[in-house]
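Written below as structure tokens is the structure these notes are about.
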Protein chains: 2
Amino acid sequence: VNGALLGCGLVGGSFALALGDRVSFAGYDRSPENAARARERGIVSRVAESAASAVKDAELVVIAVPVRSTAEICEAIAPALSKSALVMDVGSTKSEVLTQVKRWLPFPERFVAAHPIAGTEKSGPDAASPDLFRGRRCLLSPLPETDREKLKLARELWEAAGARVDEIDAAHHDHALAFVSHLPHVAAFALASAVGEAAAKDSWLEGLSGGGFVDATRIAGSDPRMWRDVLLSNRDGVLEAMRALDEELAELRRAIAAGDGEKLEQLISRAGDGRKRVLRA
Amino acid sequence: VNGALLGCGLVGGSFALALGDRVSFAGYDRSPENAARARERGIVSRVAESAASAVKDAELVVIAVPVRSTAEICEAIAPALSKSALVMDVGSTKSEVLTQVKRWLPFPERFVAAHPIAGTEKSGPDAASPDLFRGRRCLLSPLPETDREKLKLARELWEAAGARVDEIDAAHHDHALAFVSHLPHVAAFALASAVGEAAAKDSWLEGLSGGGFVDATRIAGSDPRMWRDVLLSNRDGVLEAMRALDEELAELRRAIAAGDGEKLEQLISRAGDGRKRVLRA
């Protein structure tokens, strides 16, 4: 079956690799170098010159661009889209994406919003791996009008890619992800910048950190354009999660400033418990 | 040579294991189970019933307890301490420790404050490993009155344990570590608690996180008693670092709330650059 991969980066590239011979993808990327590299790595079978030309004859269209570019891509492919194609995205936020899909696609009922919870701080086609989704979760956010056959097909494709598939309403998705994914990124960005600034003022700090800083800020090296879009397209959820973080920081600050050891030990224990709950560990 | 290991946890235990046959340690721990386990693992050759009895005849005394227990340990061992012994700690903060040492030890000039920048989120004698310090840095914070022979010996011991040794003034140490180590822990505690609370309200969040949350909060599972002491004994430094984190969070919040994509992308790029600077990567 023919497919179109719009955006040949880490997530889209990994999905194409995971599907292997099932789908022969035409690839489009705003960066011609990325598209060419995806062709070299066998992620796509041919490079298309535009998103519209990529989707011609495609029965599976995968939109794997920064979430705020979804509207532009949908508008570009709408005239060329096969009437029977399944269209999917892989974005980290869902409500705004679905609004754009309903606005720009001629058959929004054949669109299935997908979010594989997998990624690394790396980006681009060279970071793509057929195993990225193995054992990871993939969330589908169907609309009431979503075609059941397309939804079933989307589920099968993600399962073929190794993911465990669940369905979740788009608004619920965005709220949940604001906490488990977007907030950790925001915290890592702020932490890396704060320590980076301190190191700029005092070079003694360079090379001084232990594994704690390394791990806590690993995701601070994530793709800025992708994360700009994620945070802006889930603004309310992210701001709510940030308020929760602020409150926790304020509690810690009060205990530290007051020298309240009992309270502080309790807050630290609570953090470990919270982590275990989230990880179901 | 005979030694005393006061506190048989991760760091003290790893140091004893790293020194191997060079030193035969008597071990004391406030938890008799920890001390017994350290004996079983060969970390110490015998268990002592008190800190004072452990240091009798010891030429090397290693204080490896939560930093705020240093005073109590110093007071306890002072009467029994050999006049020629090198006494070292391994704590994560230095100024307060040195104040306590000067107050309680009869020969503070034979004390060398040491801080190996190594650790994991695990704790206790079972987590100890002879390789914990291999290739890691160890900071010594000598006082003007510190005996040069003892300082040299301390350096040799840490180098024998595999560490790269540097000297740094205690106040400078505490300020630097507030940023590269203590702040990452505070941020991880707050993040794990914020997401943990959200998961307590919405069980959908459980098991939903990707690798970002896992890494960003790994150190949130650190020993609460140890970290309570670290944060309280470096209060001013930690509060200063927390203010820097607050400012970075506020900048991110403003850009997100205003929908300012250009600014947000710039802040995220800056975070990645800051991380590289700190890691000298």
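The values are calculated or read from the model by the stated rules, or taken from the named source; none is laboratory data. Treat the numbers as computed from the prediction; the structure is a model and nothing was measured. In this analysis, Cβ positions are derived from the backbone assuming ideal geometry, glycine residues included, and neighbour counts consider all displayed protein chains. Note: areas computed on protein heavy atoms with side chains; ligands, DNA, RNA excluded. Shrake-Rupley method; radii C 1.70, N 1.55, O 1.52, S 1.80 Å.
What to note about this one:
- Across chain A, C-alpha contacts under 8 Å between residues 6 or more apart give a mean separation that, scaled by the residue count, equals a relative contact order of 17 percent.
- The stretch B:83-118: trypsin sites (Lys or Arg not before Pro) in DSSP coil with no more than 10 other Cβ atoms inside 10 Å: B:K83
- Paramagnetic reach from A:A281 (point 7 Å along Cα→Cβ, amide N under 16 Å) across the stretch B:201-229: B:206-224
- Chain A: angle of helix A:148-160 to the longest principal axis, Cα-based, in degrees nearest 10: 60 degrees
- Of the whole protein surface, A:E72 contributes about 130 Å² of accessible area at a 1.4 Å probe radius.
- Helical contribution to [θ] at 222 nm, DSSP H n ≥ 4, -39,500 (n - 2.57), averaged over chain B, rounded to 500: -15500 deg cm²/dmol
- Taking amide H atoms as placed 1.01 Å from N in the peptide plane, the amide H of A:E167 lies under 5 Å from those of A:L140, each 5 or more residues away in sequence or on another chain.
- Here is the list for the stretch A:197-281: trypsin sites (Lys or Arg not before Pro) lying in DSSP coil, each with at most 12 other C-beta atoms within 10 angstrom of its C-beta, are A:R280.
- Hz values of 3J(HN,Hα) by residue in the stretch B:126-142 - Karplus curve (6.51, -1.76, 1.60), Gly and Pro given as x: 5, 8, 5, 8, x, 9, 4, 9, 4, x, 8, 8, 10, 9, 9, 10, x
- Debye intensity ratio in log₁₀ form over the Cα atoms of the stretch B:123-281, taken at each q of 0.21 Å⁻¹: -1.55
- Other-copy label distances relative to B:D126, 7 angstrom Cα-Cβ extension, nm: 4.3
- For the stretch B:178-253, the calculated P(r) over all alpha carbon pairs, in 5 Å bins from 0 to the bin holding the longest distance, is 3, 15, 21, 23, 19, 12, 7, 1 percent.
- Note on B:R46 and A:D273: with the Förster distance fixed at 51 Å, the Cβ-Cβ geometry gives a FRET efficiency of about 0.90.
- Angle between chain A longest axis and helix A:95-104 axis [Cα atoms, degrees, rounded to 10]: 20 degrees
- FRET efficiency, 1/(1 + (r/R0)^6) with R0 45 Å, evaluated for A:A257 and B:E145 via beta carbons: 0.85
- For the pair B and A, total buried accessible area rounded to nearest 100 Å², probe 1.4 Å: 7900 Å²
- Local charge for B:A161 was computed over the other residues whose Cβ lies under 14 Å away, with Lys and Arg +1 and Asp and Glu -1, and equals +2.
- Cα long-axis angle, helix B:261-279 against chain B (0 to 90 degrees, to the nearest 10): 20 degrees
- Debye log10 I(q)/I(0) at q = 0.09 Å⁻¹ for the protein assembly as shown, Cα point scatterers: -0.71
- Relative contact order (%) - the stretch B:85-199, alpha-carbon pairs under 8 angstrom, separation at least six: 27 percent
- For A:230-243, mean number of other protein chain Cβ atoms within 10 Å: 3
- Stokes-Einstein translational diffusion, the stretch B:154-199 - Kirkwood Rh over all Cα pairs, 0.692 mPa s, 37 °C, in µm²/s: 250 µm²/s
- In plain terms, the bigger the Kirkwood radius, the slower the diffusion; for the stretch A:133-210, with that radius from Cα pairs, at 20 °C and 1.002 mPa s, Stokes-Einstein puts D at 136 µm²/s.
- Loop-located GluC sites (Glu not before Pro) in the stretch A:27-67 whose Cβ has at most 11 other Cβ within 10 Å (DSSP): A:E49
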